[in-house]
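Peer 1: Let me give you the structure first, and then I'll get to my questions.
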Amino acid sequence: MRWNEAMVPVLVAVIGGYLLGSVPVAVLVGRAHGFDPRDVGDRNPGFWNVRERLGWKAAVPVFAGDMLKGTAAGLAGLAAGGGDVLPVYAAVAAAMIGHAWPVFAGGRGGRSILTFAGGFAVICLPAFVLGVVLLVATSLLLRSFAWGTRVAVFSLPALQLAFAPAAYVAGTGALMCLIGLRFGQAALTGRRAGQRAGRGPGRTAGRRAGRRA
């Protein structure tokens with residue numbers, strides 16, 4: 001099989017991963033309850049914002065849906081690559097990009113943490129299972145699911161080292177860089193919004209009044 005022919009299934013998996021990631025689960029769930037998570041709370045269309053608004057029970061579909069997007073993309077990459085890990089990483093990265101910058105939601109997406117976690121389950125299932133154990137233990141110890149999630153997610157590369165070569169762990173680190181990029185973009189957007197609010201009509205009018213006085 002020629003190289004171009006071999007790349008077609010991988011390309012299909014990547015495109016499919018992006019489209020899967022672009023499904024705005026949080027937005028769909030929020031609209032079913034009469035609001036858009038991009039307009040309330042921290043404006044992040046993800047599980048945490050929906051949970052703050054509706055509670056755990058109503059937010060479970062967001063948690064499951066965002067994770068399954070990554071898992072489905074990873075499985076598509078696995079099938080396309082015939083067991084090769086590179087297409088899996090590529091498809092999961094595409095799903096994360098789709099979640100962060102979704103074509104179906106005007107490019108206003110979430111942070112891709114759950115989509116990453118779902119994809120990682122395909123990349124290294126034993127490390128993922130250990131991560132879940134760490135999540136539960138940390139959440140119970142600190143009485144905080146949020147902190148349990150942080151500890152578990154950022155421990156995944158270290159856990160993966162016990163089961164996979166360092167090159168694979170580096171690939172996982174690259175996926176996590178996408179999360180960092182999205183967080184950085186959100187912080188920059190929030191800072192710019194704050195600056196615009198500070199230059200609002202009221203402040204401008206006050207400056208003009210001061211100059212007239």
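The values are calculated or read from the model by the stated rules, or taken from the named source; none is laboratory data. Model, not experiment: these values are computed from the prediction. Note that each Cβ is placed from the backbone with ideal geometry, even for glycine, and that neighbours are counted across all protein chains shown. Note: areas computed on protein heavy atoms with side chains; ligands, DNA, RNA excluded. Shrake-Rupley method; radii C 1.70, N 1.55, O 1.52, S 1.80 Å.
Peer 1: Checking a compactness column here: for the range 3-70, what do you get for Rg(Cα) / (2.2 N^0.38 Å), N being the number of residues?
Peer 2: Relative to the 2.2 N^0.38 Å estimate, the range 3-70 comes out at 1.40.
Peer 1: Got a number for carbon plus sulfur as a percent of the chain's accessible area, 1.4 Å probe?
Peer 2: C and S atoms contribute 67 percent here.
Peer 1: Also, quick follow-up: Taking the Cα centre of the chain as the origin and placing charges on Cβ (Lys, Arg +1; Asp, Glu -1), which of Gly118, Ala152, Gly41 is farthest toward the positive end of the dipole?
Peer 2: Of the listed residues, the answer is Gly41.
Peer 1: Only Cα pairs under 8 Å and at least 6 apart count here; give the relative contact order of the chain as a rounded whole percent.
Peer 2: Relative contact order, the chain: 19 percent.
Peer 1: Rolling a 1.4 Å sphere over the protein heavy atoms, what is the accessible area per residue of the range 81-141, to the nearest Å²?
Peer 2: On a per-residue basis, the range 81-141 sits at 39 Å².
Peer 1: To continue, here is another question. Quick one: if you stick a label point 7 Å off each Cα along the C-beta vector at Thr189 and Ala32, how many nm between them?
Peer 2: 2.4 nm
Peer 1: What dipole magnitude, in Debye to the nearest 20, does the range 1-143 give about its Cα centre under +1 on Lys/Arg Cβ and -1 on Asp/Glu Cβ?
Peer 2: Dipole of the range 1-143, to the nearest 20 debye: 340 debye.
Peer 1: Each label point is 7 Å from the Cα along the Cα-to-Cβ direction; what then is the distance between the points at Ala158 and Val129, in nm?
Peer 2: Between Ala158 and Val129, the simple spin-label model gives 2.1 nm.
Peer 1: As a check on your grasp of the helix formula, calculate [θ] at 222 nm for the chain: sum -39500 (n - 2.57) over DSSP H runs of n ≥ 4, divide by the residue count, round to the nearest 500.
Peer 2: The per-residue figure over the chain is -26000 deg cm²/dmol.
Peer 1: Which one is right for this structure if Cα extents along the principal axes in Å is calculated from it: (i) 50, 38, 25; (ii) 46, 44, 27; (iii) 79, 48, 36?
Peer 2: Here the calculated entry is (iii).
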